[in-house]
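K.L.:
The structure follows.
Values quoted throughout were computed directly from the atomic coordinates according to the rules given, and no laboratory measurement underlies them. Everything numeric here is computed off the predicted structure, so don't read it as measured data. Backbone-built Cβ (ideal geometry, glycine too); neighbour counts: all protein chains shown.
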Amino acid sequence: MNTEFIEALAEIEREKGISKDVLLEAIEAALISSYKRNFNTAQNVRVDINRDTGVIKVYARKTVVEEVMDPRLEISLEAAREINPHYQLDDIAEIEVTPRDFGRIAAQTAKQVVTQRIREAERGLIYDAFIDKEEDIVNGIVQRMDARNLYVDLGKAEAVLPLSELMPNDKFKQGDRVKSYIVKVENTTKGPQIILSRTHPGLLKRLFELEVPEIYDGIVEIRSVAREAGFRSKIAVHSRNPEVDPVGACVGPKGMRVQTIVNELRGEKIDIVRWSENVEEFVANALSPSKVLDVIIHEQERVARVIVPDHQLSLAIGIKGQNARLAAKLTGWKIDIKSESQAEAEPDRPKPQGEALQEDSASVDG
C-alpha cells in the first residue's frame, strides 16, 4: 500500500460518508486474520497501517516472562530488553514480523474490506431512506415477477410485492408503473427488504390523505378504515372544524376526489361515513347505504342490535354479508341486524323509532 491508497480512502470518505479511520481499522483487523491464515501461525499479532504513508507493518505481541514456555506467545526478559531496555516482566513486547510479500496479500484483503464496507454503507443509506417511508405510498416500476412475487424498482432499491397482496383486478406486467403501500422495511444480511401491498387498509387511508387537503391539513380525520380490497371499503371521518363537512370534503366537488381513489383501486366501492362518539349513531352510519331505524347497544356483550326497514334488510346485510361485516370492522362492534317485522315479532323487543338514525354518508361505486 502507498499514499495513493490513503488518498483513495479519503475520496471514499468524501463520496460515501464512510470514515477513513473506520476503514483502516477494519483493514487492520482483516489483515490479522489474513496473516495467520497465510503464514500458518497462532501467535498474537498487531497490524499497523501508517495513516499518512500507507506503509503496513506486522508486529508479534509476546508476554515478557522469566522462563519461556511457548515461544509463539512469550519472550524472555533478556531478549525483550534487547528490543527495548524499558520492558519489564508481564509487559507485552512487540516484535516486527512483516513478511516480504505481505504487500500483495494486504492489497487483496484491503480491496475486499473496502468493497464490503461500501456495500454495507450503501445498504444502510437505503434502509435509512425507506424506514422513514414505512406505512407510506410509493410509486415504482415492475422489473420482473415469479410464481409468488412482483419485484418493483423504487429507484434506489428493489421492493417485493407478493402476489397475495395484489387486488383481484390487478394485472401488471414488466415495465408497468404500480402504486403501493410500504408495509414493512427490514434490515437483513442481504440488505434492506421492502415489502409492499395493494390490499392493506393503509393504502386507502394514504390515498385519501393525498387527495383531500382537509385531511392532509388535519382538519378532517380518518378515524377508522375497513377494507375488502378490490370489492368494497368503508372509512369513518370526523371534522375538527364544525363548519367543515368531513364526508363532503372527502367526496370533493362533483365526486372528483373520491373518484380518483376509486380509479386507482380499480373500481373498488367506497362508503364514506361520519364518525360519531355516540355508538348508536356510529353503527347506524356505518351500515350506509342502508337506512337504520333503531340501534340497541349491549355493552357487556359488545353487540349492537340493529333494526332496519323490511325492504332494506338485504341492503343492510349486503352481498354475502359484506356490508354488515365491514360495518362491524369499522366500528369494532358485533352487529346483529333484524328487519322491522322481525323485531316486532320478537317478545319484549322495543319498537323501532320509525326514523332513520344516520347522519351524512356517501357511497361511491366505480
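K.L.:
If you restrict to DSSP beta bridges whose two residues both lie in the chain, what percentage is antiparallel, to the nearest 5?
P.N.:
Counting DSSP beta bridges with both partners in the chain, the antiparallel share is about 75 percent.
K.L.:
Go through region 1-87 and name the chymotrypsin sites (Phe, Trp or Tyr not before Pro) that are in a DSSP coil and have 16 or fewer other Cβ atoms within 10 Å of their Cβ.
P.N.:
Those satisfying the criteria are Phe39.
K.L.:
Additional query: Gap in Å between the Cα centre of region 277-296 and the Cα centre of region 1-77?
P.N.:
Each part reduced to its Cα centre gives a spacing of 74 Å.
K.L.:
Under a point spin-label approximation (7 Å from Cα along Cα-to-Cβ), what is the Thr189-Arg100 distance to one decimal in nm?
P.N.:
Here the answer is 4.1 nm between the modelled labels.
K.L.:
Taking a point 7 angstrom from the Cα of Ser164 along the C-beta vector, which residues in region 117-149 have backbone N less than 16 Å away?
P.N.:
Counting backbone N atoms under 16 Å from the label point, the list is 146-149.
K.L.:
Of the labelled options (1) 27, 53, 19, 1; (2) 22, 32, 20, 17, 9, 1; (3) 32, 62, 7, 0, which one gives P(r) over Cα pairs in 20 Å bins from 0, in percent as computed for this structure?
P.N.:
(2)
K.L.:
Between His86 and Lys334, what length comes free when the chain is fully extended (0.36 nm per residue of separation minus the Cα-Cα distance, one decimal in nm)?
P.N.:
80.9 nm
K.L.:
Next up: Give the peptides 175-181, 270-276 in descending order of average Cβ contacts within 10 Å, highest first.
P.N.:
With the highest mean Cβ count within 10 Å placed first, the list reads 270-276, 175-181.
K.L.:
Right, something else. Along the charge dipole of the chain, which of Gln342, Ala30, Ala328 sits closest to the positive end, that is, farthest toward it, with unit charges on the beta carbon of Lys, Arg, Asp and Glu (+1, +1, -1, -1)?
P.N.:
Highest projection toward the positive end goes to Gln342.
K.L.:
Would you kindly state how much longer the chain becomes between Glu4 and Glu221 on full extension, computed as 0.36 nm times their sequence separation minus their alpha carbon distance, in nm to one decimal? Write down the numbers at each step before the final one.
P.N.:
Values: separation 217, 0.36 × 217 = 78.12 nm, distance 5.91 nm.
That pair, Glu4 and Glu221, stretches by 72.2 nm at full extension.
K.L.:
Taking springs between alpha-carbon atoms closer than 10 angstrom, which of Glu66, Glu211, Glu228 fluctuates most in the Gaussian network model of the chain?
P.N.:
Glu66
K.L.:
Using a Gaussian network model of the chain with C-alpha springs under 10 Å, which one of Asn323, Asn139, Asn50 is most mobile by mean-square fluctuation?
P.N.:
Between Asn323, Asn139, Asn50, it is Asn50 that shows the largest mean-square fluctuation.
K.L.:
What is the distance, in nm, between label points placed 7 Å from the Cα along the Cα-to-Cβ direction at Lys16 and at Ala79?
P.N.:
Between Lys16 and Ala79, the label points sit 4.1 nm apart.
K.L.:
Only four residue types carry charge here, +1 at the Cβ of Lys and Arg and -1 at the Cβ of Asp and Glu. Report the dipole size of region 149-211 about the Cα centre in Debye, rounded to the nearest 20.
P.N.:
Its charge dipole is roughly 20 debye.
K.L.:
Under the 0.36 nm per residue contour assumption, what length would be gained going from the current alpha-carbon distance of Gln174 and Asp310 to full extension?
P.N.:
Between Gln174 and Asp310, full extension yields 43.9 nm more.
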